[in-house]
Amino acid sequence: MTIFRFLLLALLALPVLVRAQAPTSGTTTTFSGFVRDAATGESLIGVAVVRAGTGQGTATNAFGFYSLTLSGTAGDSVTLYTSFIGYQRQTRRRVFGGAAQTLDFRLTNAPTELATATVVGTAAEAEGSIRETTRMGTITVPVAQLKQVPALFGERDVLRVLQLLPGVQSGGEGQTGLYVRGGSPDQNLILLDGTPVYNASHLFGFFSVFNADALNNVELIKGGFPARYGGRLSSVVDITMKEGNARKLHGEGGIGLIASRLTLEGPIGLKKARAKDSTVQDAPASFLVSGRRTYIDLLLRPLINAQTEGGTAGYFFHDFNAKLNWRPSRRDRLYLSAYTGYDKFYARFSENQGGGESYKTNSGLGWGNLTTALRWNRQLGAKLFLNTHLTYSRYQFDVGNEQQNKVRRPDGSTATETYTLRYLSNIQDWSLKSDLDYAPHPDHYIRAGGLVIWHQFRPGALVVKDRTLDGNSDVTLGSGTRSVETGLYAEDDWRLTQRLKVNLGARLAGAVVRGTVFPSLEPRVAARYFLTDEWALKAAYARTTQFIHLLTNAGVGLPTDLWVPATPNVRPQRAQQISLGAARTLRRRGEDYELSLEAYYKPMRNLIEYREGASFLGTIGNDWESKITTGRGWAYGAEVFVQKKTGRTTGWVGYTLSWSQRRFPELNQGRLYPYKYDRRHDLKVVVIHEFSAHTRLSGTFVYGTGNAITLSRGRFGLGGYESFEDYGPRNSYRMAAYHRLDLDLSTTKPKKWGAVINSFSVYNAYNRRNPFYLYFDAGYSSPYGSQDATFKQVSLFPILPSFSKTFQF
C-alpha cells in the first residue's frame, strides 16, 4: 500500500506544490486559445506551443485548446511559436501584461515534402520529440500517412496500419484484430469519439469498421497508460472523427474492387454569419457525413444464382458516419456524432412442390455496431478546460433461420406454416463522463475527471416461433445481466527539473454486478530522465482492471464472440505492466530520425477460456458461467522502433522479441503453454518514397514467427467402432513463419474542381503461400497405391493486384 499512499498524498499536494513554484516577482500572464487548420477550421491535436529560447511549452488537447502561463516583466515582449510536422511554423509576439491573453493560431500546410514527412510521430509535448514526452508506448498515426500505406483490395484501413507497429500483431492472414503485447482483442479499448466500439471488424475480420476519410486523429497507447484511461488491460486505440470543414464544402470518395465510399463536409450558416460580420472566418456550425458499402453480393449474385437452382446467397457490409459541430460562443462547443455499421450474410432457397404447395427457407447471420456521442466542451478560464460527454454504444449479432411451407388443407384450401429460430447476443452501454484539463504552470499539466457506465449484457437468447395448422407457440429463453462501472482519476504531468519529468496519477474504479462490488485502486507512474542531451531514459508502471470479458473460440474477432460481465463467480481481469526504455532524436543532413527501445513485463490474472469442448452454441442467458474456466497469463518482451520523419523517403522499422504464455488449471493438465498468438520474432518495415508531388511508391514487409496451434499426435480406436484423437500439449506445434511484401503506386492528377488519385496495389507481391490453418488428411491404402496420413496447409491469399480511384473536391 506504500505506493498507493504516496500517489494519493502527491495528488492532494499538487495545489500546494504548484503555488510554491509560482514566481514571486515580476508578472505572470496566461496565454490560451485554440490551434486550428487555416484552410478547414479543423482543431489540431497535439500541436506544441513553445516560448522561444526557453523550451517552456505545452501541447493542444483533443479539441485544439492550449494554456501556457509564463512569467516576465510587465511591458516586455514574449515570442511564442507552434511546432507541428506537416504544418508551417507560426510565430507570434505578445507583450506581458494582464492576468490572461487570448492567442489563437491558424496553421497552414507545409510544402509537399514536409506535409508528408511524418510517418508516425508521438504526441507533441514541448518540442514534440519522442525523447521529451514522459509517456511510453504511445504512437499517433497521422491519417494522411495512413492512406499512403498499401491496402488489401484498395481499402485503406487504420487497424491494418497499427499492425505494422512494434508490439502489435494481427490474428492471422488478412485479419484486422489487434493483439497488443501478448493481450487478446477484448483487452483493447477502441474509442470512436470517446465511445467504445465492441466489434471493430467487417468481413469476418478482414476489414475494420473505420472509414479513413472521416477520421481526424488516431492514437495507440500500448503501455504506461495515463490515469484518464481505464477498463482494459492491453491497449487504447483513441480515434477522433473530423469536425467538418467550417470554411467551404469539401468532398472525398473512392471506388475500389469491392467497395465504394463518399464523404461530404462543410459549413452551416457561414453566409449569414459573414453578413453580420465580414471578419468571420469559420461558420458557427459544420457537418460531416460519410458512407461506405461493399458490392460483393451484387457482383457474385449472377454466378451464385447460376450454380444454385432455386436459391441465392450473398454477403455485404456498410458503414455510415455523421457529425454535427456547433459553436454557440467562442468558449463553448457542442458535438453530436454517430456511427452505424452492419454485416449481413444470407442464403435463400425456394422450391415449388406442385399442387399449390411450396417450400422456402431464409438463413442469415448479421452483426453490427451503433454508437452515438453528445459532447459539450467549455473553456472555463484561461487555465481550465471542461469536456463532458454522454455516449451510447450497442453491439449485436443475430443468427437465424426461417422456414415457410405452403400446405394443402383437407378441404382443399392452402395454408402457410412458418417456423422461426433465432439466436441473439448483444451488449449495450450508456455512459456519462466529464474531464477537466488544468494548466496552472508550465511545469504542471493536471487532468482529473470521472465517469459512470451502465452496461446491459445479453450473452445469449433463443427465440422460437412456430405457426402450424395445429396452433401457435412462441418461446424465448435467456435473460440479461446489468452492471454499473465507475471511475475517478487524477494525473499530473510534472516537470521536476530540466532533466526529470514525471506523469503521476491514480484511478479509483469499480463495478457492481448482482449486488457484488468489485473495487480497484490503480496507480499510474511514468518518468523521463535526460541522461545526456541526446538520450532520454524512461520508465512506467500501470495497474489496470477490466470488468468485462470476451468469450471466443477462434480469437479472430468472429461475430459469434460473446461479451459477458465479471460476476460473483467470474472475477474481473487484472494486470500490471512495467516498462523500461530509452529514446533518442537524431538529425542527420537536415533530416530527422527517432529511435526508441522499450522492454515490458505484464502479468495477468482472471483470464477466461471455454472449457474443453464448449462453445457459444447452446449458451442461453447466464449459463455461460458453467462453460468457462479461469487462469493466468504472462507477457514480456522488447521492442525496437526506428523512424525517418522527413525527406522524400520516409518510413520506419519495428522489431519485437516477445513471449506470451497462459496457465489454466483445467486446460493442458494445468501446465504452462504458449498463447495462440505467442510470436517470438516480429519484424515490420515500411518505406514511402515521393518521386514528385504527384507520384508516390510505398511498400511494406512483414515477418513473424508462426502461430502456435494444437495438433493430434495420433488416433486410437475403442471396440473397432469409434476412433479418438490423441492430442499433445496445448499449442505445442508452430505453423510455418509468416512473411509478405505489399506494394502501392499512387499518382495524383490535379483538376479544376479538385484532384483524382489513382492507386495500383499488389498484396503479397511474391506470392508467398502463408499458412491460414492446417487440416488432417487420413490418407489411403489400396491395391493401386497409398498415401500416408498427414496434415495439409491451407493458404488464403495468393498475389492480389487491385486498383482504386479516389477523388477530392
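Numbers below:
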| item | result |
| --- | --- |
| Stretch gain in nm, segment Asp76-Leu500, where the contour uses 0.36 nm per residue and the Cα spacing is subtracted | 149.7 nm |
| Prolate/oblate/rounded call for the range 740-809, Cα gyration tensor, a/c under 1.5 rounded | prolate |
| Listed residues Thr294, Thr585, Thr416 arranged by accessible area, highest first, probe 1.4 Å | Thr416, Thr585, Thr294 |
| Relative packing of peptides 785-794, 256-265, 762-771 - highest average C-beta neighbours within 10 Å first | 256-265, 762-771, 785-794 |
| Rounded accessible area of Arg648 (nearest 10 Å², 1.4 Å probe) | 110 Å² |
| Cα-based shape type of the range 371-454, given that a ≥ b ≥ c are square roots of the gyration tensor eigenvalues and the cut on a/c is 1.5 | prolate |
| Viscosity 0.890 mPa s, 25 °C: Kirkwood-radius Stokes-Einstein D of the range 321-430 over Cα pairs, µm²/s | 132 µm²/s |
| Packing-based order for 670-681, 94-105, 536-547, using average beta carbon neighbours within 10 Å, highest first | 536-547, 670-681, 94-105 |
| Projected-area mean, the range 491-600, by convex hull of Cα positions, square nanometres | 10.9 nm² |
| Per principal axis, descending, Cα span of the range 128-280 in whole Å | 58, 42, 28 |
| Compactness of the range 240-296 - radius of gyration and Dmax, Cα, Å | 15.0, 51 |
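The values are calculated or read from the model by the stated rules, or taken from the named source; none is laboratory data. A quick note: this is a predicted structure, and the numbers were derived from the prediction, not measured. Methodologically, a virtual Cβ is constructed for each residue, glycine included, from the backbone with ideal geometry; neighbour enumeration extends over all protein chains shown. Heads up: the accessible areas ignore ligands, DNA and RNA and are worked out on the full protein's heavy atoms, side chains in. Shrake-Rupley method; radii C 1.70, N 1.55, O 1.52, S 1.80 Å.
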